[in-house]
1. Out of curiosity, is Glu19 on the phi < 0 side of the Ramachandran plot and part of a helix (DSSP H, G or I)?
2. Test each condition in (1) in contact with a Phe, Trp or Tyr (Cβ under 8 Å, 6 or more places away or on another chain); (2) within 16 Å of Phe94 (Cβ to Cβ); (3) surrounded by fewer than 18 Cβ atoms within 10 Å (Cβ to Cβ); (4) among the basic types (Lys, Arg) for Arg126 and report the one that comes out false.
3. Just give me the residues in the stretch 35-54 being within 24 Å of Tyr100 (Cα to Cα), free of Cβ contacts under 8 Å to residues at least 40 places away in the same chain and part of a loop (DSSP other than H, G, I, E, B), in sequence order.
4. Keeping to the stretch 109-140, report how many residues are of a type in the set (Lys, Arg) and at pLDDT below 90.
5. Name the single residue, out of those in the stretch 1-21 being touching a residue at least 40 places away in the same chain (Cβ under 8 Å) and over 14 Å from Phe95 (Cα atoms), that is most open to solvent (accessible area, probe 1.4 Å).
6. Out of the residues in the stretch 129-155 that are in a helix (DSSP H, G or I) and either basic (Lys, Arg) or in contact with a Lys or Arg (Cβ under 7 Å, 6 or more places away or on another chain) (or both), state the one that is most open to solvent (accessible area, probe 1.4 Å).
7. Could you list all residues from the stretch 64-104 that are open to solvent by 10 Å² or more (accessible area, probe 1.4 Å), closer than 29 Å to Thr128 by Cα and assigned to a helix (DSSP H, G or I)?
8. Which members of the stretch 1-35 meet the condition of being charged (D, E, K, R) and modelled with pLDDT under 90?
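The values are calculated or read from the model by the stated rules, or taken from the named source; none is laboratory data. Here the structure is a predicted model, which means the values were calculated and not measured. Cβ placement follows ideal geometry from the backbone for every residue including glycine, while neighbour counts extend to all protein chains displayed. Keep in mind that these areas ignore ligands, DNA and RNA; they rest on the heavy atoms of the full protein, side chains included. Shrake-Rupley method; radii C 1.70, N 1.55, O 1.52, S 1.80 Å.
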Amino acid sequence: MKILKIIASGFKNCADNFEISYVPVARKTEIDKEYELEEIAEGLYVFTTIGIVGKNASGKTSVLDLLSVCYDILGNYRINKRNYSLNSVSLSIFFYHEGYIYLYKTTLKEDALTGKIYFVNQEIYRKTYYKSNIKNIFDFKNCEKLIIDGELPEDTSVVFFVFKKIGITP
């Protein structure tokens, strides 16, 4: 699994529709491919490193926190209580896994009493990756919405079914 792009709204001090992309948009040279990029599928490259630069109090830590939340969702399928609010945060996470590009959308809801973070309005879409369609990599208008056939606790992401390969009914 490789994250391609994250779009967040309502997260800390980030603007709505705040976007982090790992996919380069400029022409890729051989030097770029050798030192800065990783080819995860034919013609699909992601940055191997990303720099976050800014003045004091400009939001660098917020970006790292957002990345941490997204990696928790994709790796642990849940989010542990944080020292900042995740209530009403909307996330769209694009990622590549085994020949498919996925779009996972959710809104987070925080229970103030228990500290649990719940996933609300979860949707997951996928489309087959084709090298010839690299310009429309994030266009999910004509894609397959996955119907999840299985019960999970409210604090568990449906991404679990993608990686565990059970209960997916296309």
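1. No: the conditions fail for Glu19.
2. (3)
3. Listed by number, the residues that qualify are Glu36, Thr48, Thr49, Ile50.
4. The qualifying residues number 2.
5. Asn13
6. Checked the stretch 129-155; the qualifying residue most open to solvent (accessible area, probe 1.4 Å) is Lys135.
7. Listed by number, the residues that qualify are Leu67, Ser68, Tyr71, Asp72, Gly75, Asn76.
8. Hits for the stretch 1-35 are Arg27, Lys28, Glu30, Asp32, Lys33, Glu34.
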